[in-house]
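**Student:** Quick one: the structure is below, questions incoming.
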Amino acid sequence: MSLIRKLKMTKMVHNNKLPSCFGRLDTVFPKGKDGLRETPEKCLLCFHKTECLKVALQATDGLRAREELVDRAYASGIMSFLERWSQKKELRRRIEAKTKG
């Protein structure tokens, strides 16, 4: 069951209405000037911030953002080549599954 459907079923969404920006990664977790992602001030005040970010990160763009994290971890020496390869393979599999289905 999708997270949005769960939210609607548990009435966590006020009046069953979501903001138009809900789940849009470039809106709720955009890249800053330094290339790192950060949450805008207006999102920190939103009632839906946690669920919104979860939905955004589960979408295709969110999976691509996770690929960025894996690449940065590898470049900084935190992650080995094999670990990077494994995680990127899994992320790409999930991206392909979302784009096909």
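**Student:** Could you give the length gained by full extension between residue 72 and residue 47, i.e. 0.36 nm per residue of separation minus their alpha carbon distance, to one decimal place?
**Tutor:** Numbers: separation 25, 0.36 × 25 = 9.00 nm, distance 3.09 nm.
Roughly 5.9 nm would be gained on extension.
**Student:** Among the listed pairs 42/100; 17/88; 33/88, which are separated by more than 32 Å between their Cα atoms?
**Tutor:** Values: 42/100 34 Å; 17/88 35 Å; 33/88 25 Å.
Listed pairs above 32 Å: 42/100; 17/88.
**Student:** Select from the range 17-77 those GluC sites (Glu not before Pro) which occupy a DSSP coil region and have at most 15 other Cβ atoms within 10 Å, ordered by residue number.
**Tutor:** Those satisfying the criteria are 38.
**Student:** Let me ask something else. Hey, which aspartates and glutamates would be in cross-link range of residue 31, C-alpha to C-alpha under 17 Å, not counting anything within fewer than 8 residues on its own chain?
**Tutor:** By straight Cα distance, residue 31 reaches 41, 61, 67, 68, 71.
**Student:** Next up: What relative contact order, as a whole-number percentage, does the range 53-101 give when Cα pairs under 8 Å and 6 or more residues apart are counted?
**Tutor:** Numbers: 24 pairs, mean separation 20.4, N = 49.
For the range 53-101, the relative contact order is 42 percent.
**Student:** Counting other C-beta atoms within 10 Å, which of 69, 36 has the fewest, and how do the rest follow?
**Tutor:** Details: 69 14, 36 10.
The order, fewest Cβ neighbours first, is 36, 69.
**Student:** So which chymotrypsin sites (Phe, Trp or Tyr not before Pro) in the range 25-101 end up in coil per DSSP with only 11 or fewer other C-beta atoms within 10 Å? Could the numbers behind the result be given before it?
**Tutor:** Values: sites: 47, 74, 81, 85; in loops: 47.
Passing sites in the range 25-101 are 47.
Taken together, the values in this text are just the output of simple stated rules run on the coordinates, not laboratory data. The structure displayed is predicted, hence computed values, not measured ones. As a convention, Cβ positions derive from the backbone with ideal geometry for all residues, glycine included, and neighbour counts pool all protein chains shown.
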